[in-house]
Amino acid sequence: MAKQPPIESVIPVPADDPGKKGEPEVFEKEKHEGAHKLIKDEKEGEDLSEEDLQLKNELEMLVERLKESNTELYRPALETLRTLIRTSTSSMTSVPKPLKFLRPHYPRLQELYETWPISEDKSLLADILSVLAMTYSDTQPRGTLRYRLLSASMRPADSPLADPGSWGHEYVRHLAAELGDEYRIREEEGLPDEPTEGIGKPQPKLPGTIEDLRALARQCATFLLGHNAEPDAVDLLEELEIVDDIVKLVDENTFDRVCQYMIRCVNLLPPPDDVSFLRTAHTIYVQHRKFPEALTLAIRLNSPDLVREDFNAPGNPLMKRQLAFLLARAQIPLEWLRPSSDGDADADTDVDFQEELPEDLLECLSNSRLSTHFREFGKELGVAEPKSLEDVYKSHLENTRPGATANVDSARGNLAGTFVNAFVNAGYGNDKLMVEADEGNSWIYKNKDHGMMSAAASLGLSLLWDTDVGLSHVDKYTYSAEEHIKAGALLATGILNTGVRTEADAALALLGEFTENKSVPLKTSAIMGLGLAYAGSHREDLLPLLLPHVADDTATMEISSLAALALGFIFVGSENGEVTGTILQTLMEKHDRDDKSLDDKWARYMVLGLGLLYLGLQDASDATIETLKAIDHPISKTAQIVVEACSFAGTGNVLKVQTMLHHCDEHIDTSGADKMKEKESKEEGKAETKEEKRDDTFQAFAVLAVALIAMGEDIGAEMSLRQFNHLMHYGEPIIRKSVPLAIGLVSASNPQLPILDTLSKYSHDNDLAVALNAIFAMGLVGAGTNNARLAQMLRQLAGYYYKEPDCLFMVRIAQGLVHMGKGTIGLNPFFCDRSIMHRPAVAGLLATITAFTDTKAFILDKYHWMLYFLVTAMYPRFLITVDEELNPIPVTVRVGQAVDVVGQAGKPRTISGFQTHQTPVRLGTTDRAELATEEYIPFANVLEGLVILQKNPGWEKEDKMEV
């Protein structure tokens, strides 16, 4: 302290200075402030501005006071220190002055602290040391937290320590970081011993229990929430495993941002944190009466109780209808809304539910007006007119070589025409080939045998969702003498009723009896018809019709497997014990009997039926997977992969993706079997080669599993594409064949250029199986988008493959898919701003793609009707705004690319590059809409599908200048 006298003589100068000279001094000071960062501590005394010197001296004097023996000086000195530190404002970039000047004294203050007796003064000193420790955080980890806890432990109960927020934002963030570290260390060791590193004395263990840490975390979180740092608050509570406490901390200003951040985190969290985040966000939404948002999360959680509570919570009948539209879109089983039989606390409020839902709600829940809305939407967009095949093919643009005669297989061509016509005119009910065709001149008779079945079934697609008119059209074919036509009509009945519920339950009435029919085509179409019509309905009354076929020893594998698949559709994501038990039992018994049917190509469908029961249920499938391990047969491995993949579908679970990739990197030696591959799928090969061929089916499903798990979130989906690229280079033929299908699944109805280019490359592959699947995947990726570039690629392919009937057939089907519903129907299984996975849609996509794992044996053989499995995923991509009476009203909306703005400051735009339209409008997979004016208030949180609007009472129309 020898330097003090000269400094003291300098102090009075600024006070007596004339005003003018003060200005350069301020400038000086600012200049220094930038330089301070570079100057080492020793030099500091030389070029400090006078104010800084004054501050430095004052601080040093206060520190000296604390060393004196007079204890009465401690309290005022400490109070002054605290005030100086708190009031020091500094620019964002530099360390606050008091902290910088006190840093050299920190070790001495630490020693002082150890010598003082326990008192409030000591607590106050600890509090100040806690702030100073921020400057020593690299050498003495968690000092800030340590002194904070020590300080708190010495306060009397009646005067707790001031809130950490009073020391400022940086201190709280520092504390939050150290809390997370400390908690992790305690969890790992179970002993809160502190490692000794750095300068000061060996640090004793940190005081305080885990509960103290959590209480401090809550204080920090409250401060962070109040200062627009919602993500930091959530992260802190998540690190200390008390994220559900945030429910009590949020208010009406912060809850929305907190929930949005938590929901975005779900894809990145390991189970069970992901579920607890969803539940916490759900609780917050319910607390703030945001019912559409809460119901969205209840559907994601797949919890009947939450869905029922959320649906019954709002008193406003309009809000109830809006929720009913959401439930209908997600195809939630109606049974979930019935109150449970045991006497609930709120049973009295649900009495009217017991009997029957109100008529108007039932109509919204059963989607019965979907067809009318869809056709009006088509009229508005000007696409109601039927399209002919030539309109889709545009074959005059195909560059076929002149004079080259293609070996036209007219039956194959007509069959392709059947599907194209069905997909393109789906839902409008006015196509020229089937519905509007003259009696006896129907397209059906232009097909042969099994072709007739698909042709008759295409009627169902054309009249999709239109249950009344549809059934009368289909009815006349159910009396046909031709077995295949009759079977097609049964399938059409099922397709018609997909996603729509009717009072009459026509599908059950018409198809029920045929499940026992002797004829195989009639039986299979009745079974699959029921599966499609009641997909996702969890209807127990269908069990007796279908379960016996699964367990029947005498039935062929085809019937058993399709019955299992139909049950998978109906009970998708329900983990129904009866169905699971029966399928597992059947697989085990067949194995015990050494039944050859497990080697059959159909076995994969039985396994898929089992997997669908667990769709999206995560760990619920563990017991089933363990049971499957007991079956010593190649099918068991496939089954384990399928069940696990379905359980984690759409979760983006990285560990599961890695597991699946491990299955892909096994190189199975099928040297002798390579040449047999083609034949074997058709005929029984020799035992040993058969064994080898069968062995690698699981790899096809492992590739699809990667896509299935990753498709829920964008980053995962993008990363999976890179993995597929590697698999395509190094994989076995079976893997290469499945990669295009996986790409199609990851981005259904979402044609992005890099994906189109990749598929275009694969569609010219030397291996025709790869090319076929790539062409189909192009159809999936562009489904219902009318993508011009894709249409052009497919026309080129039609010219390229004009001599390959199989590939040409596939190109035609892809063209039909791209123009599905004339560009108004999509296949993407995610809706509501791509946040909810539509389970029946995933089931339909998977079932269709499974048929392509062995294209020659299914689609190109006589089971092309499996393409109709896509119907559960087909849904109009519209936004229709309706008034209170559910009549459409046109309003202006802005439609643009959805932008992720979670965690961004302020109120950034949620869409980019928008255009303004009148509703109804078509929304692409990645599009988002928002109302252009505030004239109406929407009941839904996401503008998609049917949205009920209410006039905004506070809105006044601007005066229009023009007449």
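The values are calculated or read from the model by the stated rules, or taken from the named source; none is laboratory data. Nothing here was measured: the structure is a model prediction, and the numbers come from that model. Cβ coordinates were reconstructed from backbone atoms using ideal geometry, including for glycine residues, and neighbour counts include every protein chain displayed. In case anyone asks, the SASA skips ligands and DNA or RNA and just uses the protein heavy atoms, side chains included. Shrake-Rupley method; radii C 1.70, N 1.55, O 1.52, S 1.80 Å.
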**Request:** Kindly list the number of the only condition in (1) open to solvent by 40 Å² or more (accessible area, probe 1.4 Å); (2) over 50 Å from the mean Cα position of the chain (by Cα); (3) over 17 Å from ARG148 (Cβ atoms) that fails for GLU60.
**Result:** (1)
**Request:** List every residue pair whose Cβ atoms sit under 7 Å apart, with the two residues 6 or more apart in sequence or on different chains, where the first one lies in segment 552-565 and is β-branched (Val, Ile, Thr) and the second, anywhere, is open to solvent by less than 20 Å² (accessible area, probe 1.4 Å) and in a helix (DSSP H, G or I).
**Result:** ILE559/THR524; ILE559/HIS549
**Request:** All but one of (1) under 23 Å from TYR183 (Cβ atoms); (2) part of a helix (DSSP H, G or I) hold for PRO271, so report the exception by its number.
**Result:** (2)
**Message:** Quick check on LEU206: is it modelled with pLDDT under 90, open to solvent by less than 70 Å² (accessible area, probe 1.4 Å) and of a type in the set (A, V, I, L, M, F, W, C)?
**Reply:** yes
**Asked** Does segment 97-129 hold any residues that are more than 16 Å from GLU79 (Cβ to Cβ) and either within 50 Å of the chain's Cα centre (by Cα) or open to solvent by 30 Å² or more (accessible area, probe 1.4 Å) (or both), and which are they?
**Response** LYS97, LEU99, LYS100, ARG103, PRO104, PRO107, ARG108, GLU111, GLU114, THR115, PRO117, ILE118
**Request:** Search segment 265-285 for residues being open to solvent by 40 Å² or more (accessible area, probe 1.4 Å) and either among the hydroxyl-bearing types (Ser, Thr, Tyr) or closer than 18 Å to ASP245 by Cβ (or both), and hand back the single one that is nearest to the chain's Cα centre (by Cα).
**Result:** VAL275
**Complete:** Only one of LEU240, LEU249 is in contact with a Ser or Thr (Cβ under 8 Å, 6 or more places away or on another chain) and under 28 Å from MET154 (Cβ atoms), namely LEU249
**Prompt:** Quick one: MET262 ticks every box in (1) more than 26 Å from ALA710 (Cβ to Cβ); (2) in contact with a Leu (Cβ under 9 Å, 6 or more places away or on another chain); (3) open to solvent by less than 60 Å² (accessible area, probe 1.4 Å) bar one, so which box is it?
**Reply:** (1)
**Prompt:** Out of GLU666, GLU680, GLU684, which single residue is modelled with pLDDT under 80 and either open to solvent by less than 10 Å² (accessible area, probe 1.4 Å) or out of contact with any Lys or Arg (no Cβ under 7 Å at 6 or more places or on another chain) (or both)?
**Reply:** GLU680
**Message:** in contact with an Asp or Glu (Cβ under 8 Å, 6 or more places away or on another chain), among the hydrophobic types (A, V, I, L, M, F, W, C) and either open to solvent by 10 Å² or more (accessible area, probe 1.4 Å) or assigned to a loop (DSSP other than H, G, I, E, B) (or both): is that true of LEU362 in this structure?
**Reply:** yes
**Message:** Scan segment 140-150 and tell me whether some residue there is outside any helix (DSSP H, G or I), free of Cβ contacts under 8 Å to residues at least 12 places away in the same chain and over 18 Å from ARG75 (Cα atoms).
**Reply:** no
**Request:** Assess whether LEU542 counts as being buried (at least 17 other Cβ atoms within 10 Å of the Cβ) and more than 22 Å from LEU365 (Cα to Cα).
**Result:** no
**Residue match in segment 442-456 (condition: touching a His at 6+ places or on another chain (Cβ under 8 Å) and open to solvent by 50 Å² or more (accessible area, probe 1.4 Å))** = yes
**Fill in**
Within segment 499-518, residues farther than 30 Å from ALA324 by Cβ and either in contact with a helix residue (DSSP H, G or I) (Cβ under 6 Å, 6 or more places away or on another chain) or touching a residue at least 40 places away in the same chain (Cβ under 8 Å) (or both) come out as PHE514, THR515, ASN517
**Prompt:** Given the structure, is PRO740 surrounded by fewer than 24 Cβ atoms within 10 Å (Cβ to Cβ) and not hydrophobic (A, V, I, L, M, F, W, C)?
**Reply:** no
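Okay, residues lined up against (1) part of a helix (DSSP H, G or I); (2) of a type outside the set (Lys, Arg); (3) more than 27 Å from the chain's Cα centre (by Cα):
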position: LEU547; (1), (2), (3): yes, yes, yes
position: VAL550; (1), (2), (3): yes, yes, yes
position: THR554; (1), (2), (3): no, yes, yes
position: GLY568; (1), (2), (3): yes, yes, no
position: LEU587; (1), (2), (3): yes, yes, yes
position: VAL607; (1), (2), (3): yes, yes, no
position: GLY611; (1), (2), (3): yes, yes, no
position: SER621; (1), (2), (3): yes, yes, no
position: ILE631; (1), (2), (3): no, yes, yes
**Message:** Can you tell me which of (1) open to solvent by 30 Å² or more (accessible area, probe 1.4 Å); (2) under 22 Å from the mean Cα position of the chain (by Cα); (3) free of Cβ contacts under 8 Å to residues at least 60 places away in the same chain is the one ASN312 doesn't meet?
**Reply:** (2)
**Enumerated strands (runs of 3 or more DSSP E) restricted to segment 845-963, each holding at least 3 residues that are within 30 Å of LEU496 (Cβ to Cβ) and open to solvent by less than 50 Å² (accessible area, probe 1.4 Å)** = 878-882, 945-951
**Prompt:** Looking at segment 417-439, is at least one residue within 39 Å of the chain's Cα centre (by Cα), at positive phi and without any contact (Cβ under 8 Å) to a residue 12 or more places away in the chain?
**Reply:** no
**Item:** Those residues of segment 505-532 which are in contact with a Ser or Thr (Cβ under 8 Å, 6 or more places away or on another chain), under 14 Å from THR467 (Cα atoms) and either open to solvent by 10 Å² or more (accessible area, probe 1.4 Å) or among the charged types (D, E, K, R) (or both), in sequence order
**Value:** ALA506, LEU510
**Asked** Can you name every residue in segment 718-746 that is in contact (Cβ under 8 Å) with a residue 40 or more places away in the chain and touching a helix residue (DSSP H, G or I) at 6+ places or on another chain (Cβ under 7 Å)?
**Response** SER720, GLN723, LEU727, GLY731, GLU732, ILE735, LYS737, SER738, LEU741, GLY744, LEU745
**Prompt:** Only one of these conditions is not met by GLY343: (1) out of contact with any helix residue (DSSP H, G or I) (no Cβ under 9 Å at 6 or more places or on another chain); (2) at pLDDT 90 or above; (3) part of a loop (DSSP other than H, G, I, E, B). Which number is it?
**Reply:** (2)
**Asked** In segment 564-581, what count of residues is obtained for those that are open to solvent by 10 Å² or more (accessible area, probe 1.4 Å) and under 11 Å from LEU543 (Cα atoms)?
**Response** 2
**Asked** Out of segment 69-87, which residues are modelled with pLDDT under 85 and over 13 Å from VAL131 (Cα atoms)?
**Response** SER69, ASN70, THR71, GLU72, LEU73, THR87
**Message:** For the list (1) over 30 Å from GLY168 (Cβ atoms); (2) over 21 Å from the mean Cα position of the chain (by Cα); (3) open to solvent by 40 Å² or more (accessible area, probe 1.4 Å), I need the number of the one condition that GLY226 fails.
**Reply:** (1)
**Prompt:** Quick one: is LEU496 surrounded by fewer than 24 Cβ atoms within 10 Å (Cβ to Cβ), of a type in the set (A, V, I, L, M) and in contact (Cβ under 8 Å) with a residue 12 or more places away in the chain?
**Reply:** no
